[in-house]
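K.L.:
Let me begin by handing over the structure; questions about it come next.
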Amino acid sequence: MRRGEIYRVHKPEGDPKRYRSFVVVSRQLLIDSAYATVICAPVFTNGSGLSTQVAIGPSEGLKHESWIVCDNLRSLPKTDLTQFVGSLSYAKLAELDEALRVALALD
């Protein structure tokens, strides 16, 4: 598992959808550790174009245009992240980093 990878999760807790895709945003050191969870950002099919959202789509492995929503971070068990969808390019990862900085007010 790597930072920037997208996984489809079956029935994520507290989510009304049967499946939801998530992007792993934790630092690689945590991902590689024995810690059981990682921080993820959900992917939604609708976005508002906010500075805390990143547009992604088929080039990242999804079926249609979608948005990574950095205002709604979640901690998910690594064991739930089994259905690999795709991964972000270096440029998209840089956009994600900026959206996370804005969402967390890390200027």
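Every read-out reported here was derived from the displayed coordinates using simple, explicitly stated rules and does not represent laboratory data. Because the structure is a prediction, the values reported are computed rather than measured. Cβ atoms come from the backbone with ideal geometry, glycine included; neighbour counts cover every protein chain shown.
K.L.:
For the stretch 5-103, give the magnitude of the charge dipole about the Cα centre (Cβ charges: +1 Lys/Arg, -1 Asp/Glu; no others), in debye to the nearest 20.
P.N.:
Working: 11 positive and 11 negative charges, 63 e Å.
So the magnitude is around 300 debye.
K.L.:
Name the most mobile residue of Val85, Val43, Val69, meaning the one with the largest mean-square fluctuation, in a Gaussian network model of the chain with Cα contacts below 10 Å.
P.N.:
Ranking Val85, Val43, Val69 by mean-square fluctuation puts Val85 first.
K.L.:
Search the structure for amide H atoms under 5 Å from the amide H of Ser26, placed 1.01 Å from N in the peptide plane, and list their residues when 5 or more places away or on another chain.
P.N.:
Excluding prolines and chain starts, which carry no amide H, the hits are Ile39.
K.L.:
Calculate log10 I(q)/I(0) of the chain for q = 0.20 Å⁻¹, where I(q) comes from the Debye formula with a single equal point scatterer on each Cα and nothing for solvent.
P.N.:
Summing over Cα pairs of the chain leads to -1.04.
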